[in-house]
1. Does the range 287-298 include one or more residues that are within 26 Å of residue 386 (Cβ to Cβ) and buried (at least 23 other Cβ atoms within 10 Å of the Cβ)?
2. Does residue 423 satisfy being out of contact with any Leu (no Cβ under 9 Å at 6 or more places or on another chain), outside the structural domain of residue 335 (by TED's automatic domain parsing) and under 30 Å from residue 361 (Cα atoms)?
3. Working only within the range 286-308, note down all residues that are in contact with a Phe, Trp or Tyr (Cβ under 7 Å, 6 or more places away or on another chain) and in a loop (DSSP other than H, G, I, E, B).
4. I'd like the residue in the range 309-336 that is in contact with a strand residue (DSSP E or B) (Cβ under 9 Å, 6 or more places away or on another chain) and in a loop (DSSP other than H, G, I, E, B) and, out of all such residues, is surrounded by the fewest Cβ atoms within 10 Å (Cβ to Cβ).
5. Here are 314, 308, 326, 333: which of them is at pLDDT 95 or above and either farther than 21 Å from residue 254 by Cα or assigned by TED's automatic domain parsing to the domain that holds residue 183 (or both)?
6. If only one of 61, 66 is closer than 24 Å to residue 415 by Cβ, surrounded by 23 or more Cβ atoms within 10 Å (Cβ to Cβ), touching a Leu at 6+ places or on another chain (Cβ under 9 Å) and of a type in the set (S, T, N, Q), which one is it?
7. Can you list the strands (runs of 3 or more DSSP E) lying wholly within the range 101-190 that have 3 or more residues being touching an Asp or Glu at 6+ places or on another chain (Cβ under 8 Å) and assigned by TED's automatic domain parsing to the domain that holds residue 387?
8. Of the residues 109, 119, which single one is surrounded by 14 or more Cβ atoms within 10 Å (Cβ to Cβ), touching a strand residue (DSSP E or B) at 6+ places or on another chain (Cβ under 8 Å) and without any contact (Cβ under 8 Å) to a residue 24 or more places away in the chain?
Amino acid sequence: MRNGGIGSWPERRLRISPEKDAIWFEGTTTSHGAFARRVRRTASALAGLGVQAGDRVAWVSGNHPSALETLFACGQLGAIWVPVNGRLTAIEAEYVLRHSGASVVVHGRDHGVIADALRDRLTGVRAWVAAEPPVHGGTPSLPYEELLAAADEDQRDEPVTLDHPCLVMYTSGTTGRPKGAVLTHGNMTWNAVNQAMGMDLTADERTLALAPLFHIGGLNGTVNPTLLRGGCAVVVRGFDAAATLEVIEQQRVSSFFAVPTMLDAMSREPGFGTRDLSALRTIGAAGAPLPLPTLRTWLARGVTMQQAYGMTEAAPGCTVLDSADAQRKVGSAGKPLFFTDVRVLGPDGEDVAPGEVGEVVVQGPNVMAGYWDDPEQTAAVLRDGWYHTGDAGSVDEEGFLYIRDRYKDMIISGGENVYPAEVESALLELPMVQEAAVIGVPDPTWGEVGLAVVVPTPGAAGDVEELRTALRARLAGFKMPRHFQFVSELPKTATGKIRKPDLRTQFTAPEESA
């Protein structure tokens, strides 16, 4: 069977619309035809490094066209792409690379330090490739552009089906370690169809690749669906409110995906009201509830706002709330996307009545195959054909979904998912910590931030700055608790389980802050 996965997307666009824009990045525009040829060269270069069907190729960087080139090249080789969060420390990245079994790592200009730290430790990595010259020097990695220049443009078309793995995207771990969600070629394709239909993406779409491409929303919210439709991805390295508005204006951006903190920051820019946003048609917002004032500010500029609910395990689309219902259904996550089913189940496994709270479960061709090398966790969440999200929700009489709480205690800070168990695991590795619990507390800027409640080891000084410094070496910045509290003991149940509801009641307004 010929390649039935996303590796074939650039080739089909090459035949359909070779001269149309596919990628814009820092002043350079690449057509679909040229993009397809670069993907072929990338596949050739990876094959020259020994990559075969089933091998894992990791990519760790800020936003850069090499993300999309390596993703599609892996699809043509039947290999599996592993995007790594570019904000991770070397220790955190090491776990992802080791657990996934990556044999080649492509890294960005700011991530040579990770390569230097892990070269000798990860003997299974055959090659380290620098997408751009590293800014911090260090041991040279293989230069990406030189590899492509020396590669051929022969089309590689390793047979894959919709059930073959396309990528493994790691989510922060609820048990102290990240889990790798295996998204198949079918998951990626059906999500793209869902998103293209839900956001009414067109063949002339110019979507902004603003959110990180190592996150599922950044990759699959509008970018991959736009490329499938034959539109253009306007890629920016990272988020700066003023610079982003300038790109939206100059590049005539018509859509993008963002987390609410980004939208709020842009709406507060002094020039927001005078920027030419006439080409901007629709924005998909997810990762946290969209504040009503922010929603109204963008609606006043004539932009359709679509609040969404999703997760890595669903690639990510589950539900969407169109701006037509946004004010009438404030707080709702909307209704299911076209090819995805969403239910709310009670403890008996039956659908709850409208207004009652239960667990949100999801089913559809966009739902992952399972977790990489973790059959136990896979069996725990994929049951009877439904993915059990661990989120508590309810539906109203009209079928609109509301997320009421998070069974998993996940903290959503500025659109980033932070799992307390992972932070707690890092805290307990420190000699000055005897016990620890992490909860989310309200924050006016980020929506929610972490509060670490710590029982110090007997004799330890209980120094917040010492604790923060030691923890920072183990956690990415966005996972770091904003607040710390030292206590003599943690509230516990009779069985020894920490009573986090008690902590939330006690520490709603922490005294110590960063």
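The values are calculated or read from the model by the stated rules, or taken from the named source; none is laboratory data. Bear in mind that the values here come from a model prediction, so they are computed numbers and not experimental data. Glycine also receives a Cβ, built like all others from the backbone with ideal geometry; neighbour counts cover every protein chain displayed.
1. The first filter runs over the range 287-298 and keeps only residues within 26 Å of residue 386 (Cβ to Cβ), leaving 287-289.
Imposing the further condition that a residue be buried (at least 23 other Cβ atoms within 10 Å of the Cβ) reduces the set to 287.
There is at least one residue in the range 287-298 that is within 26 Å of residue 386 (Cβ to Cβ) and buried (at least 23 other Cβ atoms within 10 Å of the Cβ).
2. Values: out of contact with any Leu (no Cβ under 9 Å at 6 or more places or on another chain): no; outside the structural domain of residue 335 (by TED's automatic domain parsing): yes; under 30 Å from residue 361 (Cα atoms): yes.
Judged against the criteria, residue 423 is not a match.
3. Within the range 286-308, the subset in contact with a Phe, Trp or Tyr (Cβ under 7 Å, 6 or more places away or on another chain) is 286, 305.
The answer is 286, and nothing else.
4. We begin by selecting, within the range 309-336, every residue in contact with a strand residue (DSSP E or B) (Cβ under 9 Å, 6 or more places away or on another chain); these are 309-326, 329, 331-336.
When the remaining residues are screened for being in a loop (DSSP other than H, G, I, E, B), the result is 311, 315-316, 322, 329, 331-333.
Values: 311: 24, 315: 33, 316: 27, 322: 16, 329: 19, 331: 13, 332: 22, 333: 25.
Filtering first and then ranking leaves 331.
5. Details: 308 fails: at pLDDT 95 or above; 326 fails: at pLDDT 95 or above; 333 fails: at pLDDT 95 or above.
Within the list 314, 308, 326, 333, the selection yields 314.
6. On the way: 66 fails: touching a Leu at 6+ places or on another chain (Cβ under 9 Å).
Selected residue: 61, the only one of 61, 66 that is closer than 24 Å to residue 415 by Cβ, surrounded by 23 or more Cβ atoms within 10 Å (Cβ to Cβ), touching a Leu at 6+ places or on another chain (Cβ under 9 Å) and of a type in the set (S, T, N, Q).
7. Because the criterion is at least 3 residues that are touching an Asp or Glu at 6+ places or on another chain (Cβ under 8 Å) and assigned by TED's automatic domain parsing to the domain that holds residue 387, the strands (runs of 3 or more DSSP E) in the range 101-190 that meet it are 179-184.
8. It is 119.
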